[in-house]
Each structure stands twice: as structure tokens, then as C-alpha cells.
1. Picking from V122, V172, which residue would you name as being more than 14 Å from the ligand (Cβ to nearest atom), within 23 Å of P68 (Cα to Cα) and either modelled with pLDDT of 95 or more or in the same structural domain as E32 (by TED's automatic domain parsing) (or both)?
2. Output the number of the condition that A179 fails; it satisfies all remaining conditions of (1) surrounded by 13 or more Cβ atoms within 10 Å (Cβ to Cβ); (2) under 17 Å from H8 (Cβ atoms).
3. Whether any residue in the range 47-58 is touching a strand residue (DSSP E or B) at 6+ places or on another chain (Cβ under 7 Å) and within 23 Å of R175 (Cα to Cα) is what I want to check.
4. Since G107 meets every condition but one in (1) surrounded by 15 or more Cβ atoms within 10 Å (Cβ to Cβ); (2) small (G, A, S); (3) within 20 Å of D177 (Cβ to Cβ), which condition does it not meet?
5. For the range 7-22, indicate whether the set of residues that are within 15 Å of the ligand (Cβ to nearest atom), surrounded by 14 or more Cβ atoms within 10 Å (Cβ to Cβ) and within 23 Å of V166 (Cα to Cα) is non-empty.
6. Can you confirm whether the range 76-84 contains a residue that is crowded, with 21+ Cβ neighbours inside 10 Å and within 20 Å of D142 (Cα to Cα)?
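The values are calculated or read from the model by the stated rules, or taken from the named source; none is laboratory data. The model shown is predicted, which means the values in this text are computed figures rather than measured ones. Cβ placement follows ideal geometry from the backbone for every residue including glycine, while neighbour counts extend to all protein chains displayed. Accessible surface areas use protein heavy atoms only, side chains included; no ligands, DNA or RNA. Shrake-Rupley method; radii C 1.70, N 1.55, O 1.52, S 1.80 Å.
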Amino acid sequence: MKIHHDKHHQGYVNKLNNALQNHEELMEKPVEELLANLPALPDEVRDGVRKFGGGHYNHSLFWRFMSPDGGGEPEGFLKEEIDGMFGSFEEFQAEFNEAAGGVFGSGWAWLVVNEEGGLEVVQTANQDSPISDKKVPILGLDVWEHAYYVKYRNKRGSYIDAWWNVVNWDEVADRFDEAR
Ligand code: MN3
């Protein structure tokens, strides 16, 4: 996780800054605003924002989705909504695991709030972010090989199983409240 944060995430930040170096007005905007409006960006920066802005934004979320005191299950309103949408927490977890395990190549699995205010499990490729599809990410898992190869080698499933033990449900619930 330290290499992941200090090297990989920092790399995205550096490359995003580089991509925007001649666009001070864009540098001043929050990265999620740029990602939510990719078609509106100048052609020469759009791809850089998508890749490196997405990498920065997705990882910024990812660290907050985890806590040493995490794990267990959501409570309250979020639990009710998960039960209502997926049937049960276990069924939600199974769908999320399938999405995370099924990403071909590099990408992410997400729990998002869609435009109708409902919960959905989605995948994104590379560093694409659900925010670019008008979906608000409230939980996400990085399944790039760089996220697990050092500790889990090729066993993505073991990494996914272990990750549930550190999910910060308080953060997920806060983001859920904000998104609705
Ligand atoms: Mn990563």
C-alpha cells in the first residue's frame, strides 16, 4: 500500500500536473469537476485528464475507503438500501466480487449511486471513473496488478477477500448520504 500510494498515486498526480501545465484555469478546478465534464475539455488535455486525473481521483477515494478499524457490514440506511437493491449484504458482496474478479486487465470495481439515486455495482477500465458516467462512486476497489502483486502475487481473489476486512463503512455511508 505504501508503494502504491507513494509511487503509483504520486505518478498520476505528477502526470496530471504535466498535462495541465498550460491550462492554469483547469488546474484551479477540482479534479472531479474535470472528470465529470470530459467532453467539454480542450482536445489536447482530455486524454491526460481521463487517465491521470482519473488515476488521481480514484486513488484519492480508494485510501479513504479503507481503515485499520474497518471491516464488518454497513449499518442503518445504507444497509437497508443494500438489502433492498441486492437482496442482502452477502448478495451485494457476491456481485461486487464478481465485478472485481471479472475486470479483464486493469481497472476498478465500484459501488455507485446512479442518476436515479439507486445503488449499482459497475466496473471501469484503466483509470476511468464512474463520475464521468454521471455515477457517484461511494466504494471502489483497485484491481490493477500493481494493487496486489507485491503481496498476493497473481491471486486477485485473495486480495479481494482480504480487502473486505478493511472497508471503512462510515466513509461509504457518508458518501452515500452526500450523493443522494
Ligand atoms: Mn492503483
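1. Exactly one of V122, V172 is more than 14 Å from the ligand (Cβ to nearest atom), within 23 Å of P68 (Cα to Cα) and either modelled with pLDDT of 95 or more or in the same structural domain as E32 (by TED's automatic domain parsing) (or both), namely V172.
2. Among (1) surrounded by 13 or more Cβ atoms within 10 Å (Cβ to Cβ); (2) under 17 Å from H8 (Cβ atoms), A179 violates only (2).
3. Yes, the range 47-58 contains at least one residue that is touching a strand residue (DSSP E or B) at 6+ places or on another chain (Cβ under 7 Å) and within 23 Å of R175 (Cα to Cα).
4. All conditions are met except number (3).
5. Among the residues of the range 7-22, at least one is within 15 Å of the ligand (Cβ to nearest atom), surrounded by 14 or more Cβ atoms within 10 Å (Cβ to Cβ) and within 23 Å of V166 (Cα to Cα), which makes the answer yes.
6. The answer is no, given that none of the residues of the range 76-84 is crowded, with 21+ Cβ neighbours inside 10 Å and within 20 Å of D142 (Cα to Cα).
Conditions tested, residue by residue: (1) in contact with a helix residue (DSSP H, G or I) (Cβ under 7 Å, 6 or more places away or on another chain); (2) in contact (Cβ under 8 Å) with a residue 12 or more places away in the chain.
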position: G70; (1), (2): yes, yes
position: E80; (1), (2): no, no
position: S88; (1), (2): no, no
position: V103; (1), (2): no, yes
position: G107; (1), (2): no, yes
position: G118; (1), (2): yes, yes
position: D133; (1), (2): no, no
position: V136; (1), (2): yes, yes
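One line per residue, one yes/no per condition, for (1) within 20 Å of N168 (Cβ to Cβ); (2) in a loop (DSSP other than H, G, I, E, B):
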{"position": "F62", "(1), (2)": "yes, no"}
{"position": "E73", "(1), (2)": "yes, yes"}
{"position": "L78", "(1), (2)": "yes, no"}
{"position": "G101", "(1), (2)": "no, no"}
